2 protein chains.
Amino acid sequence: MPILLNNPELEVVVWPEDTSCDRDWLLENAPGATGIIVLLSDKLSDYLCILEHIDVPELAKRGVKLGYTPDVLTDAVADLSIMLALMAGRNAKETTQIVQSGQWPNHVWSPFGFCGPQLSATPTSPTRTAGFIGFGRIAKATLARLVPFGFTRCLYTANPSTPPNAAADAQVAAKYGIKEVHRVNMAELARESDVIFVLAPGGQNTYHIVNENFLKQMKKTAVLVNTSRGTLVDSDALAKALREGWLHGAGVDVVEGEPDVDANHPLVKAPRCVVLPHIASATTETRIEMATLAVNNLVNGIFGKPMPAELNTSR
Amino acid sequence: MPILLNNPELEVVVWPEDTSCDRDWLLENAPGATGIIVLLSDKLSDYLCILEHIDVPELAKRGVKLGYTPDVLTDAVADLSIMLALMAGRNAKETTQIVQSGQWPNHVWSPFGFCGPQLSATPTSPTRTAGFIGFGRIAKATLARLVPFGFTRCLYTANPSTPPNAAADAQVAAKYGIKEVHRVNMAELARESDVIFVLAPGGQNTYHIVNENFLKQMKKTAVLVNTSRGTLVDSDALAKALREGWLHGAGVDVVEGEPDVDANHPLVKAPRCVVLPHIASATTETRIEMATLAVNNLVNGIFGKPMPAELNTSR
């Protein structure tokens with residue numbers, strides 16, 4: 001806010017609450033604005049065509065520039081990906097519920113009770129393989145965090161339209177100090193990985209890329225983490241896979257159809273499935289950096305300068 | 001079991017269920033045994049004086065050797081310590097409960113909703129300090145995992161009877177590639193740390209070492225993790241600190257008086273406090289390694305050889 005309010009050339013109109021903007025208020029105040037910042041929760045798709053699915057050709061036709069906030073949330077999402085991998089393996093859903101529901105005093109201890117696969121390598125299982133569906137900045141930041149857990153192999157899948165690049169893979173392996181980084185197909189990724197992170201873009205090309213066929217090929221001791229978009233994972237297939245033990249557990253921050261995910265949703269009811277309400281970027285530091293970048297995009301856009309992060313709407 | 005059953009010199013008597021041993025069965029079968037393996041859940045303190053608090057002088061007087069299972073659980077506990085640090089910062093208790101209780105569809109999104117402190121360093125907050133109460137193997141394994149999150153400083157407290165060792169601290173810093181490793185007092189640890197891990201032994205010397213006075217000195221954005229013994233933390237003080245915002249959050253795998261921790265326990269009711277039912281070593285790999293070490297201790301002890309891990313009962 002200080003960046004905007006301290007600029008004498010700007011007239012700033014602000015929705016005064018820390019909640020979603022009232023739609024009538026917006027429709028009254030938006031016309032004539034030179035620039036506008038909208039948030040995830042502003043339901044404007046029929047009006048400004050801006051939300052998770054952006055009508056880019058319409059913006060290009062009208063000559064509207066579009067700024068966004070990439071990169072600044074990389075570390076926050078990588079942190080949450082590690083948290084979900086651990087929670088899925090260590091049965092955090094069941095163990096926290098036992099305590100919260102007051103059942104700890106009555107719980108019968110047994111030597112392998114609550115046991116799941118260990119994220120870290122151990123003397124008797126000394127290697128670990130990380131699998132990534134999509135291998136961009138967040139995937140690499142997640143890989144970096146896995147190295148001290150004893151991960152020595154990294155497999156990934158990528159957009160079929162981009163050619164394989166063994167030299168780049170070797171550079172990534174050298175940078176993080178692991179033995180192997182290899183691009184593979186989905187079947188090999190499923191078969192070989194101890195933990196699989198879904199970190200590819202949404203859209204038609206990746207719709208339900210994690211389906212029954214993929215899940216059936218996973219290791220029974222593996223875990224799946226989705227911190228990208230809900231549409232990449234077939235929720236019914238994942239719930240069935242968890243009920244039948246095709247994999248050990250899952251952690252998802254995003255669900256197809258969110259936020260209409262109630263207590264009867266198959267993933268909410270599924271065993272060993274941690275479901276979070278899309279909080280991967282929700283840290284104080286990251287949200288401040290997202291806000292700062294959004295404002296700098298806005299101000300530069302208004303005054304005809306290059307935005308720090310502008311989407312090329314002409315492609 | 002194969003190690004025992006395949007040894008022709010041993011007669012093996014085994015409680016047949018994967019649950020706590022029936023006490024009458026044990027009292028009937030234990031007399032005359034040359035060696036015995038007992039588990040956490042076998043309530044024998046009045047009979048064999050073996051449980052979490054071991055009557056070591058009594059064992060020494062009777063000439064009973066005591067094997068235990070150190071080290072093999074280091075990585076499992078370090079993994080869980082990282083998981084709890086992330087869960088405490090990212091409000092995992094509240095966010096998972098919102099989803100599980102079916103409230104996600106009704107939740108009003110706001111720019112800083114669910115936001116907590118980010119474990120990773122960020123461009124605008126580029127350093128992080130880890131604090132350890134106790135700095136043994138598990139603490140160092142936890143520190144190793146924090147390095148890719150951007151931690152550059154490590155502070156710790158240690159048993160006052162051991163002298164400071166700046167050369168050893170410098171070696172640890174060099175080994176993990178961080179700038180500073182310093183032994184400090186409790187006040188400095190509380191003031192300077194972004195995350196504090198309680199990893200010291202239990203007993204009288206550390207009883208309620210984390211109390212109101214300590215918690216009041218912590219950063220409001222810091223989190224506390226206890227994966228050692230419940231007695232080190234004053235539960236009432238921690239619950240009060242969380243209610244009043246002296247620190248951001250906490251994650252505890254152990255609670256004083258466990259397992260008598262019901263839904264009305266102050267920490268179970270406290271905001272931003274994740275409570276787990278003592279599962280830090282509960283991974284399949286680690287429990288197998290603990291079992292194998294326990295059996296090797298037993299067999300060597302029976303045949304008069306040195307145990308792989310024997311407690312010196314004469315000190």
When every residue in segment B:195-221 that is farther than 23 Å from residue B:153 by Cβ and in contact with a Lys or Arg (Cβ under 9 Å, 6 or more places away or on another chain) is compared, the one surrounded by the most Cβ atoms within 10 Å (Cβ to Cβ) is B:206
Over segment B:233-272, the set of residues closer than 25 Å to residue B:75 by Cβ and buried (at least 24 other Cβ atoms within 10 Å of the Cβ) is B:233, B:249, B:250, B:251, B:252, B:253, B:255
The correct count of residues that are in contact with a strand residue (DSSP E or B) (Cβ under 8 Å, 6 or more places away or on another chain) and not in a helix (DSSP H, G or I) in segment A:282-310 is 6
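Among the residues of segment A:114-157, which ones are among the β-branched types (Val, Ile, Thr) and in contact (Cβ under 8 Å) with a residue 60 or more places away in the chain? Explain how you work it out, then say what you get.
Here is the first cut: in segment A:114-157, the ones among the β-branched types (Val, Ile, Thr) are A:122, A:124, A:127, A:129, A:133, A:138, A:142, A:147, A:152, A:157.
Selection gives A:129, A:133, A:138, A:142.
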If we keep only residues of segment A:20-79 that are at pLDDT below 80 and assigned to a helix (DSSP H, G or I), then the residue surrounded by the fewest Cβ atoms within 10 Å (Cβ to Cβ) is A:57
Checked segment B:288-315 for anything farther than 25 Å from residue B:11 by Cβ and crowded, with 21+ Cβ neighbours inside 10 Å; matches are B:289
(Q) With the structure loaded, tell me whether residue B:82 is assigned to a helix (DSSP H, G or I), under 18 Å from residue A:119 (Cβ atoms), at pLDDT 95 or above and assigned by TED's automatic domain parsing to the domain that holds residue B:191 or whether it fails that test. (A) yes
Reported set for segment A:6-35 where residues are aliphatic (A, V, I, L, M) and closer than 19 Å to residue A:287 by Cβ is A:14
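Those residues that are in a helix (DSSP H, G or I) and within 22 Å of residue B:210 (Cβ to Cβ), I need them from segment B:156-177; list them, please. If you could, list the steps in order and put the result at the bottom.
Initially, segment B:156-177 is screened for residues in a helix (DSSP H, G or I), giving B:166-176.
Across segment B:156-177, there are no qualifying residues.
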Looking across segment A:100-113 at residues that are at pLDDT 95 or above and part of a loop (DSSP other than H, G, I, E, B), the single one that is farthest from the other protein chains (Cβ to nearest Cβ) is A:103
Residue pairs qualifying under the 6 Å Cβ cut-off, at least six apart or on distinct chains, with the first in segment B:283-301 being more than 7 Å from chain A (Cβ to nearest Cβ) and the second being crowded, with 20+ Cβ neighbours inside 10 Å and β-branched (Val, Ile, Thr), are B:290/B:72; B:293/B:72
Checked B:242, B:232, B:238 against criteria (over 25 Å from residue A:123 (Cβ atoms), in contact with a Leu (Cβ under 7 Å, 6 or more places away or on another chain) and not assigned by TED's automatic domain parsing to the domain that holds residue B:37); the one match is B:238
Exercise for review: Would you be able to say whether some residue in segment A:106-128 is surrounded by 22 or more Cβ atoms within 10 Å (Cβ to Cβ), assigned by TED's automatic domain parsing to the domain that holds residue A:209, of a type in the set (Phe, Trp, Tyr) and under 23 Å from residue A:273 (Cα atoms)?
Suggested key: no
Within segment B:129-155, residues being closer than 14 Å to residue A:148 by Cα, crowded, with 22+ Cβ neighbours inside 10 Å and more than 8 Å from chain A (Cβ to nearest Cβ) number 6
Per the filter on segment B:302-313, residues away from chain A (no Cβ under 14 Å) and over 20 Å from the mean Cα position of the chain (by Cα) are B:302, B:303, B:304, B:305, B:306, B:307, B:310, B:312, B:313
When residue B:67 is run through (1) facing chain A (nearest Cβ under 7 Å); (2) in contact (Cβ under 8 Å) with a residue 40 or more places away in the chain, the failure sits at (1)
### residue B:152 being of a type in the set (Val, Ile, Thr), closer than 29 Å to residue B:123 by Cβ and in contact with a strand residue (DSSP E or B) (Cβ under 7 Å, 6 or more places away or on another chain)
yes
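Would you mind stating whether residue A:195 is without any contact (Cβ under 8 Å) to a residue 12 or more places away in the chain, out of contact with any Pro (no Cβ under 6 Å at 6 or more places or on another chain) and aliphatic (A, V, I, L, M)? Write out each step before concluding.
Working: without any contact (Cβ under 8 Å) to a residue 12 or more places away in the chain: no; out of contact with any Pro (no Cβ under 6 Å at 6 or more places or on another chain): yes; aliphatic (A, V, I, L, M): yes.
Against the criterion (without any contact (Cβ under 8 Å) to a residue 12 or more places away in the chain, out of contact with any Pro (no Cβ under 6 Å at 6 or more places or on another chain) and aliphatic (A, V, I, L, M)), residue A:195 does not qualify.
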Only one of A:284, A:221, A:227 is in contact with a His (Cβ under 8 Å, 6 or more places away or on another chain) and at pLDDT 95 or above, namely A:221
Output for Cβ contacts, cut-off 6 Å, separation at least six or different chains, first residue among the small types (Gly, Ala, Ser) in segment A:7-29, second surrounded by 11 or more Cβ atoms within 10 Å (Cβ to Cβ), reads A:20/A:41
Of the residues in segment B:268-282 that are without any contact (Cβ under 8 Å) to a residue 60 or more places away in the chain and more than 9 Å from every other protein chain (Cβ to nearest Cβ), the one that is farthest from residue B:239 (Cα to Cα) is B:269
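Can you confirm whether residue B:83 is surrounded by 16 or more Cβ atoms within 10 Å (Cβ to Cβ), closer than 16 Å to residue A:282 by Cα and among the aliphatic types (A, V, I, L, M)? Quick ask: steps written out before the conclusion?
Values: surrounded by 16 or more Cβ atoms within 10 Å (Cβ to Cβ): yes; closer than 16 Å to residue A:282 by Cα: no; among the aliphatic types (A, V, I, L, M): yes.
No, not satisfied.
The values are calculated or read from the model by the stated rules, or taken from the named source; none is laboratory data. All figures in this text were calculated on a predicted structure; none of them were measured in a lab. Cβ coordinates were reconstructed from backbone atoms using ideal geometry, including for glycine residues, and neighbour counts include every protein chain displayed.
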